[in-house]
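Below you'll find the structure, written out as structure tokens, and then a few comments.
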Amino acid sequence: MQILFLGAPGAGKGTQCKKLAEKLSLPHLSSGDMLREAVKQGTKAGIEAKSFMDKGLLVTDDVLIKMFKEFLSKKEMDKGFILDGFPRNLPQAESLSTLLTELSKKLTVVINLQTSDDLLVDRITGRRVCPNKECNAVYHIKYFPSQKEGVCDKCQTELSHRSDDKPEVVKQRLQTYAEQTEPLIKYYGDQGLVKTVNGEGEADEVFNNLVKALQVTA
Ligand code: AP5
């Protein structure tokens, strides 16, 4: 399956994609994780990306398109993949479509993970992340606390706060989503690909909604 996730910042895309990737044994390609790793490594793309990310704006299309072209062309993607965070506007969606045609692949389904706005801010401001790129586990101080405060359960790395999770940046990220990414729901809806999944409630409940929508066994 070639699955694409759409959903506002904090909707739970990363949380659900990780669970689904494990269940279906598919690679999870998160644009945000890739960009944060590039920032950490101090690559040219990472240095350029950071200034946009810290303002809650989209990084330039060229950077993302090049990055995903490289990943999606890998042999291991032949068994399918889960896209999280790319594409994020119409030009990126059109580039993805061209790329998939070149690779003789197509999207199977687009999941629109839907949540109300008041929930998003609560989820984002309480988020803590594991910065170890082999792990990238995500916690929440109220909903998914780590066993030992501030330390990743899986790899014992010290947890951190994402630099774009500050309230003023979150506001801009929500606006960027509404203006540039939300139109993709119609774009893919017109192609008959969208399934809307209720992203509210506990993570396991959301996951059950998701597997039902995908018609795979829970
Ligand atoms: P990115 O990292 O993709 O961020 P995002 O889309 O804003 O999404 P988030 O990671 O904030 O949220 P999520 O939906 O994954 O939620 P999560 O599962 O973590 O992008 C960051 C930036 O990179 C962008 O702003 C942009 O600058 C740049 N960028 C990325 N892609 C780009 C592109 N294609 N083009 C240009 N620029 C790009 O959950 C959130 C919290 O809630 C967690 O703490 C989690 O534990 C908790 N939680 C999850 N589910 C539940 C639940 N059911 N109940 C209670 N708590 C829950």
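Coordinate-derived values only; no laboratory data. These numbers come from a predicted model, not from an experiment. Ideal geometry is used to build each Cβ from the backbone, glycine not excepted, and the neighbour counts take in all protein chains shown.
For this structure, a couple of remarks:
- Length released on extending from residue 204 to residue 98, taking residue separation times 0.36 nm less the Cα-Cα span: 34.6 nm
- Selection of GluC sites (Glu not before Pro), the range 100-181, meeting DSSP coil and at most 10 other Cβ within 10 Å: 134, 149
- Taking each residue as 0.36 nm, the span from residue 149 to residue 73 lengthens on full extension beyond its C-alpha to C-alpha distance by 23.4 nm.
- In the range 93-172, a dipole from Cβ-located charges (positive for Lys and Arg, negative for Asp and Glu) runs towards its positive end, and of 139, 172, 111 it is 139 whose Cα lies farthest in that direction.
- Once C-alpha pairs closer than 8 Å and six or more residues apart are averaged by separation and normalised to the residue number of the range 27-121, the relative contact order reads 30 percent.
- Using distinct alpha-carbon pairs, which all enter the 1/r mean, Kirkwood radius of the range 1-149 in Å: 16.3 Å
- Coordinate range along principal axes, alpha carbons of the range 165-218, Å, largest first: 40, 30, 11
- Label-point gap, in nm, between residue 119 and residue 43 - each point 7 angstrom along Cα→Cβ: 3.4 nm
- For the residue pairs 23/142; 79/195; 69/186; 66/142; 18/50; 18/148, the C-alpha atoms sit more than 27 angstrom apart in 66/142.
- Debye, to nearest 20: dipole size of the chain, +1 on Lys, Arg Cβ, -1 on Asp, Glu Cβ: 400 debye
- The range 118-160: trypsin sites (Lys or Arg not before Pro) in DSSP loop, at most 11 other beta carbons within 10 Å: 142, 148
- Rh (Kirkwood; distinct C-alpha pairs) - the range 25-90, Å: 12.4 Å
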